[in-house]
Amino acid sequence: MGPVGSGDFRDLRKQPSRVALNIRENSLLSDTSGRRPGTQSSKQQSIVAKHDTLIVVLGVLVFLSVGCMRRHIFVTGPPGIGKSTLIRRVLEKLQLAGSFPASHRGSAQAADNALRPQPSSAAAAAAAVGFYTEEVRAGGERQGFDVVTLSGQRGPLARVGTACRGSPMVGHYVVDVPSFEALALPAIAPSHPATRLVVIDDVGKMELLSAAFYPAVQQVLDNPQLLAFGSVPVPRAGRTIPQVEALRARPDVQVATVSRDSRDALVQRLSSQLRQALQQLPGAGASSGPADGVISSQ
């Protein structure tokens, strides 16, 4: 059987059956008792029965493993298409958005209210952690971006400015790497045993200026008890980001493209996929911890 990639897994589901059938045929051909072709001894019949069972078992195991293989979900699309909004809507459907602050580009009082954790968010906060980035606007003009954790902490990611010594820039934005690391890195390193979902919105050029960020993302992706749900940018002018391409190429990652026409359908599809994947994680439903009961159908 060849290596498993990120292509069409439907063919993979057929391979265990072919392997088992080959074993079965080789076992039957190995009988040198001289019996007429088409007749089977009790030993051969036993082998056939065992191998038929093997076919079923292998098929089920591979079907389950394929279903879980591309368990991490990232969305992509052009700037302003609504990737963060889609992520929030999916979390709301999963009842994991208790401490995911709503967009707050209005008054300072409205922003303060939006950042206050909701009383019912304890279970959601345990089950889902992470961060997202949000535009900062003043007078209708974009002034930069903030990093906001699902627990409501906020700090600057980038601001419009001029280059100064020691401060990296992306376009005309000065990136505050220490501020980003102080909030985002702890947010994607779960400390609660009930945590199952890590929101990483997004894995972009500004965030990747932190040398510690991508290794932290990889730790999340490699953890069999966690699911990642986040966003990645689309290539601009044909220029790709190596870390993003490496993330896209992982066999346990699927990337969904967001468009204005697909947003509503994606909310339904991704919430359903995440719900099923969360329920299949090791230890899911094994205890009555804070995460229990927050992942439900609506």
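The values are calculated or read from the model by the stated rules, or taken from the named source; none is laboratory data. Since the structure is predicted, the reported quantities are computational estimates derived from the model, not experimental observations. Methodologically, a virtual Cβ is constructed for each residue, glycine included, from the backbone with ideal geometry; neighbour enumeration extends over all protein chains shown.
Things to note:
- Here residue 261 meets each of (1) in contact (Cβ under 8 Å) with a residue 60 or more places away in the chain; (2) surrounded by fewer than 18 Cβ atoms within 10 Å (Cβ to Cβ); (3) assigned to a loop (DSSP other than H, G, I, E, B) with one exception, condition (1).
- Candidates 224, 190 - the one that is surrounded by 19 or more Cβ atoms within 10 Å (Cβ to Cβ) and part of a loop (DSSP other than H, G, I, E, B): 190
- Residue in the stretch 74-96 that is modelled with pLDDT under 85, of a type in the set (Ser, Thr, Tyr) and either out of contact with any Lys or Arg (no Cβ under 7 Å at 6 or more places or on another chain) or surrounded by fewer than 22 Cβ atoms within 10 Å (Cβ to Cβ) (or both) present: no
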